[in-house]
Amino acid sequence: MNAVIDDIPAAVARKRVLVLRYSQSGQLDAVADQLIAPLREDGRFDVRIETLRLQDEFPFPWPFFRFLDAFPESAHLVPPPLAPLGLTGDEDFDLVILPWQVWFLAPSQPVTAFLKHPVAARLLRGKPVVTAIACRNMWMTAQEKMESLLADVGAHLIDNVVLTDPGPTLATFITTPRWMWTGRRDGFWGLPPAGVSAEQIRGMRRFGLALRDGLLQDAERSGTPLLAGLRAVEADPRLYISERAGTRSFYLWGKLLRAAGAPGSTQRIPLLALYAVFLIAIIITVVPVSLTLQAVLRPLMRGRLAALKARFESPSGSGTERLSQYEH
């Protein structure tokens, strides 16, 4: 590998990197481990890992109604309180790495809870942040919310990496819920395993190597991406319209459910059951119709789709011009 690292003197001052992590199933931990491995293996870096925990943790696997009961607060970005943090907000880091999950087309509640915590405002202000998403396939509206949360604390998003389930979209509507509700992610009935693949997770190492080289050149101070040219994210703008409809649905139903009672209250159960039926109907009807209409209208929407693709692939992009440096 002809990486930049070979030309950097060993006497460079140590870089401090903070990794904020939360993983319900363990998949995101595996993604984060591969991403930060090159930094942890290099003595020129101090890598601090802060694992986010809620005061009342979510179970995994999720019971069906406990799973659905998480959507009102997720959609409204009103998470439960975090367990005490090991950070005070007075620490100083050169870079912050934030892997996160998508919950109901929004950032996961533990990550939202951290970004709304007073410590985050002190810790992240003015700091460059690299995010990494591992999800089924819909993440763009959640990314909009993440960008807003980061902007609220004054952080600078310089890179974003996205891994999505490689399975067919219709298959993932079955395999992902099965994994969430039973803990089983193996393939069955001819359907592929749930989640991102082992190959995708191993591929995260290339981003860690590029971060290592960029940090040792102080490139994080420039505010420009460190992971460009490494196929960090490929957005499918055709899903955006479906995501917007889903986000609106989660928000409106979430408002009704929050008015009915607090999380875990029995008053919510009838409404949650009704919403489950409504959601299945939406998945069966609205999503396919939306994709079909977009296919028919694609010649007229080409400019709009291209703009959406460019917007959601920024800042890191889908280019591949540097892959030969970091893939081996």
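Taken together, the values in this text are just the output of simple stated rules run on the coordinates, not laboratory data. Just so you know, these numbers come straight off a predicted model, no measurement behind them. Here the Cβ positions follow ideal geometry from the backbone for every residue, glycine too, while neighbour counts run over all protein chains shown.
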Residue by residue through the stretch 116-131, which ³J(HN,Hα) values in whole Hz follow from phi under the Karplus form 6.51 cos²θ - 1.76 cosθ + 1.60 (θ = phi - 60°), with glycine and proline marked x?
-> 9, 7, x, 4, 4, 4, 7, 6, 9, 4, x, 8, x, 10, 10, 10
More than 16 Å apart: what percent of Cα pairs in the stretch 240-306 qualify?
-> 57
Taking the Cα-to-Cβ direction at residue 300 and at residue 76 and moving 7 Å from each Cα, how far apart do the two end points lie in nm?
-> 3.8
What order do you get for 130, 162 when you list them from fewest to most C-beta neighbours inside 10 Å?
-> 162, 130
Under a GNM of the chain (C-alpha, springs under 10 Å), which listed residue has the highest mean-square fluctuation: 25, 316, 74?
-> 25
Specify the angular offset, from 0 to 90 degrees and rounded to the nearest 10, of the alpha carbon long axis of helix 140-152 from the longest principal axis of the alpha carbons in the chain.
-> 60
Hey, can you grab everything whose amide H is under 5 Å from the amide H of residue 45? Only 5+ residues off in sequence or another chain; H modelled, so Pro and N-termini drop out.
-> 15
Helix 169-182 vs. the chain, principal-axis angle (Cα, 0 to 90°, nearest 10) = 90
Quick one: putting +1 on the C-beta of Lys and Arg, -1 on the C-beta of Asp and Glu, what dipole do you get for the chain around its Cα centre, in Debye to the nearest 20?
-> 920
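Count the net charge of all other residues whose Cβ sits under 15 Å from the Cβ of residue 275, scoring Lys and Arg as +1 and Asp and Glu as -1. Spell out each step's value before the answer.
Numbers: positive: 66, 248, 255, 258, 268; negative: 69, 73.
Overall, the nearby charge balance is +3.
For the chain, what proportion of DSSP beta bridges, expressed in % and rounded to the nearest 5, is antiparallel? Spell out each step's value before the answer.
Details: 4 of 27 bridges.
Bridges in the chain are about 15 percent antiparallel.
Let me check I've understood the local charge: for residue 215, count other residues with C-beta under 14 angstrom from its C-beta, Lys and Arg +1, Asp and Glu -1. What total comes out? Could you put the intermediate results ahead of the total?
Details: positive: 14, 15, 16, 40, 44, 127, 212, 221; negative: 41, 42, 46, 94, 159, 213, 218, 220.
Once all neighbours under 14 Å are counted, the net charge is 0.
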Mean residue ellipticity (222 nm) of the chain, computed from DSSP H runs ≥ 4 via -39,500 (n - 2.57), nearest 500 | -14500 deg cm²/dmol
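Residue 90 to residue 236: FRET efficiency via 1/(1 + (r/R0)^6), r the Cβ-Cβ distance, R0 56 Å, to the nearest 0.05?
E between residue 90 and residue 236, to the nearest 0.05, is 0.85.
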If one takes the longest principal axis of the Cα atoms in the chain, at what angle in degrees, from 0 to 90 and to the nearest 10, does the Cα axis of helix 27-40 lie?
-> 10
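If I take R0 = 25 Å and measure r between the Cβ atoms of residue 244 and residue 222 in this structure, what FRET efficiency does the formula 1/(1 + (r/R0)^6) give, to the nearest 0.05? Please list the in-between numbers first.
On the way: r = 33 Å, r/R0 = 1.33.
That pair, residue 244 with residue 222, gives E of 0.15.
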